[in-house]
Ligand code: ADP
Ligand code: MG
C-alpha cells in the first residue's frame, strides 16, 4: 500500500506583494490540493500526472546537484532538503491546483513532497514552512515571501490566517457566513510575470533604502513613491479587512478588495487587461461585495466575494462576459477555506 501525503493551494484574500516586504497577508488554504504517493524504489523518481512524465532524480541514490530548468526542479529541491540520506522513493504527484495560476501549485507541491520524504516522521510545522520556503528561495531562486508555504501548512477550515511576515506569527480569523469565494482564472500568464516579480522585489528594497527603513513594513510615508505607497496602504487594508471580518461587515470587506485591486493596478502596476476586466465585471454584478486580482499578477486569478445566493448566477455571467471579450473560457472555482497540511 503506497502512503499518501496532501497539501492545499491557497487564495490570498488581501495583502498582495506585502509578504516579501515583511508585511501582513490574509490567505485561506483551499479545497484544491496536491497529493503525493510514495513507494520504495531503487532511485529517486517522480511521476507527475499533470505533466504526464516520469523522471529520475538521483544516481546511486544520491539526488542530483543542479536545477535543470524543468518542472522537476521543485521536486529535486525538496528531495535534496528532506530526502537526503534515506532510501529512495518513487513519488507520484497528482494535483487539483491549476499550475502557474497564482493559487500556489508550487507551495502545495513542495509541502506535500516534503511530508512524503519524511514519511510520517514528525516535524515542527514552522520548521517545515521555513525549510520548504528556503527550497524556493535558495534552490529555485525565486525571491518570494513566506506566505504560500505558511498557509499550505497552517490553513484552517472556515478561517483565513492573518500572517505577520516580519514576526512569522499568525492568528486565525473566522470568516463570516453567507458568502462564497469565487476564483476566476484568466487562463493567461503574461511573459512579464516572473521578471516583474524580481523587479518589484528590487524596487521595494530600493524604496526602503531611500526612505531609511529596513523594509517597507516599517515605512509610514511613501514620499510619493508608488511602490511604497502600495505596500503601506495594502498593509493598512489587511488590518482593516480583518476588523471588518470580525464585525461581519461584508460591504466594508468588499470595498477594501476593490481598493486593493486599484492600488495593485495603479501604484504597483502588476495587473493586466484580463484581470482588470474581471474585476470591473464583478463590480457591476449586484451580488458581489468585492473583487481583486490575487497572486503575483500579470494573469493568473481574480477572487470575488459573493453573496451565497448569487454565486451561481455570477459564475455564469462572468464566464459569458470573459468569453465574449477574450474568446477564452475562464476557469471558475468556488473555493472553501480549508485545513492546511499540518
Ligand atoms: P503557482 O502560482 O501555481 O505556484 P508557479 O510558477 O509558482 O505557479 O509554480 C508552478 C510550477 O510548480 C510548475 O512549473 C512546476 O514546476 C511545479 N508544479 C506545480 N504543480 C505541479 C504538478 N502537479 N506536477 C509537477 N509539477 C508541478
Ligand atoms: Mg508559486
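A simple spin-label model places the labels of residue 233 and residue 220 2.0 nm from each other, with each point 7 Å out along Cα-to-Cβ. Note on region 20-63 and region 257-298: Cα centroid distance 31 Å, given to the nearest whole angstrom. Need one word for region 119-220: rounded, prolate or oblate. Basis is the Cα gyration tensor (sqrt eigenvalues a ≥ b ≥ c); a/c below 1.5 gives rounded, then a/b vs b/c decides. Rounded, because the longest to shortest axis ratio a/c is under 1.5. Label positions at residue 126 and residue 336, each projected 7 Å from the Cα along the C-beta direction, are separated by 3.1 nm.
Each of 14, 146 was scored by other Cβ atoms within 10 Å of its Cβ. Listed from fewest to most, they are 146, 14. The angle separating the long axis of helix 273-284 from the principal Cα axis of greatest extent in the chain is about 50 degrees. If you fit an axis through the alpha-carbon atoms of helix 125-134 and take the longest principal axis of the Cα set of the chain, what angle between them do you get, 0 to 90°, nearest 10? For helix 125-134, the angle is close to 90 degrees.
With an 8 Å cut-off on Cα pairs and a minimum separation of 6 or more residues, tell me the relative contact order of the chain in percent. Before the final figure, lay out each step's value.
Working: 755 pairs, mean separation 81.2, N = 342.
Averaging sequence separation for qualifying contacts and normalising by length gives 24 percent for the chain.
Would you work out if the chain is rounded, prolate or oblate? Take a ≥ b ≥ c from the square roots of the eigenvalues of the alpha-carbon gyration tensor; rounded if a/c is under 1.5, else prolate when a/b is larger than b/c, oblate otherwise. Here the chain falls in the prolate category.
Calculated over region 3-173, the projected area of the Cα convex hull averaged across directions stands at 9.2 nm². Cβ crowding within 10 Å, taken as a proxy for footprinting-reagent exposure, orders 148, 320 from fewest neighbours to most as 320, 148.
Going by neighbour counts of Cβ atoms within 10 Å, the residues 104, 233, 95 line up, fewest first, as 233, 95, 104.
Please figure out what share of the DSSP beta bridges in region 45-187 is antiparallel and state it in percent, rounded to the nearest 5. Antiparallel: roughly 75 percent of the beta bridges in region 45-187.
Coordinate-derived values only; no laboratory data. Since the model is a prediction, treat every value here as computed from it, not as a measurement. Cβ atoms come from the backbone with ideal geometry, glycine included; neighbour counts cover every protein chain shown.
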